[in-house]
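Presented below is the structure to which this report refers.
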């Protein structure tokens with residue numbers, strides 16, 4: 001499910017969170033801890049709907065073995081490879097908790113500054129942005145990789161009479177994995 | 001544009017959303033649906049700017065055109081991309 005699918009859910013969950021806060025607040029409840037938790041969890045859930053797409057390169061140089069190399073010499077991948085990666089992002093529970101804590105702090109600061117007549121919006125927006133941005137950068141990216149065919153393999157030799165001759169070869173589709181981060 | 005750059009836009013979009021909610025609320029409008037939409041739009045636009053970098057490990061046993069297979073992995077490769 002891509003971010004475009006998670007987006008409407010994020011909107012819906014934020015709306016629910018705000019209505020709960022409004023209604024609880026009307027009853028005199030301190031709404032901030034619940035609101036921060038609901039907003040943080042909604043953002044977390046949304047971000048984990050992301051799909052990752054990458055273009056990959058691999059340097060080659062690995063060795064290979066083939067029965068067709070009747071001299072027994074190994075092949076070596078002498079050209080780099082290209083391919084694609086697809087995957088997901090995930091977050092640790094600790095980082096979710098940290099974001100929720102920072103959102104909570106931002107809301108309390110806005111409440112307290114607002115009580116003193118300060119325009120809280122620039123500060124609240126900056127603090128929310130900082131919490132969300134810091135959280136996003138903790139994402140762990142994991143991909144499954146497909147390596148395109150066609151890397152040149154040299155070194156295979158076949159015995160032909162009293163001499164040996166090269167056995168030309170190229171790679172077929174390969175597989176791998178990727179790990180990384182967002183920036 | 002990486003997240004480091006788009007965070008400025010996120011900040012601005014959130015400010016705009018909050019000011020709109022404040023002003024609409026002052027007129028007695030139920031601001032919550034629009035605020036939720038605007039905040040979710042801001043976060044969504046921000047995330048779509050993310051750049052992805054990965055370290056790539058290629059598996060052994062990659063086949064080749066003469067029936068061979070790779071016996072060791074190459075040094076790590078790299079991947080770059082984005083989110084959708």
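Values in this text are rule-based calculations from the coordinates and carry no lab data. Computed from a prediction, not measured in an experiment: that's the story for all the values here. Neighbour counts are summed over all protein chains in view; Cβ atoms, including those assigned to glycine, are modelled from backbone coordinates with ideal geometry.
Applying 1/(1 + (r/R0)^6) with R0 = 35 Å to the Cβ-Cβ distance of residue A:48 and residue A:173, what FRET efficiency is obtained, to the nearest 0.05? Display every interim value, and only then the final one.
On the way: r = 29 Å, r/R0 = 0.83.
E(calc), rounded to 0.05, equals 0.75.
Quick one: Debye curve from the alpha-carbon atoms of the protein assembly as shown only, equal weights, vacuum; give me log10 I(q)/I(0) at q = 0.09, 0.14, 0.16 Å⁻¹ to two decimals.
-0.54, -0.90, -1.07
Under a plain spin-label model, where a point goes 7 Å from the Cα along Cα-to-Cβ, how far apart in nm are residue A:16 and residue A:105?
For the pair residue A:16/residue A:105, the computed spacing is 2.8 nm.
Report the gain in length on full extension from residue A:41 to residue A:78: 0.36 nm times residue separation, minus Cα-Cα distance, nm rounded to one decimal.
8.5 nm
At q = 0.10, 0.19, 0.22 Å⁻¹, what is the log10 ratio I(q)/I(0) for region A:1-128, with the Debye formula run over Cα points and no solvent?
So the normalised log intensities work out to -0.53, -1.10, -1.27.
Which of A:58, A:16, A:84 ends up with the largest GNM mean-square fluctuation for chain A, with Cα atoms connected below 10 Å?
Result: A:58 has the largest fluctuation of those listed.
Which angle from 0 to 90°, rounded to the nearest 10, does the C-alpha axis of helix B:32-47 make with the longest principal axis of chain B?
30 degrees
Normalised by the number of residues in region A:16-161, what is the relative contact order in percent for Cα pairs under 8 Å and 6+ residues apart?
32 percent
Anyone know which of B:41, B:30, B:59 comes out most mobile in the 10 Å Cα GNM of chain B?
So, out of B:41, B:30, B:59, the one fluctuating most is B:59.
Where the eigenvalues come from the Cα gyration tensor of region B:1-49, what are the semi-axes √(5λ) of the equivalent ellipsoid, largest first, in whole Å?
25, 10, 4
Among A:32, A:88, A:118, whose mean-square fluctuation peaks in a Gaussian network model of chain A (Cα, cutoff 10 Å)?
So, out of A:32, A:88, A:118, the one fluctuating most is A:118.
Computed from the mean reciprocal separation of all distinct C-alpha pairs, what Kirkwood hydrodynamic radius does region A:70-141 have, in Å?
For region A:70-141, the Kirkwood estimate is 16.1 Å.
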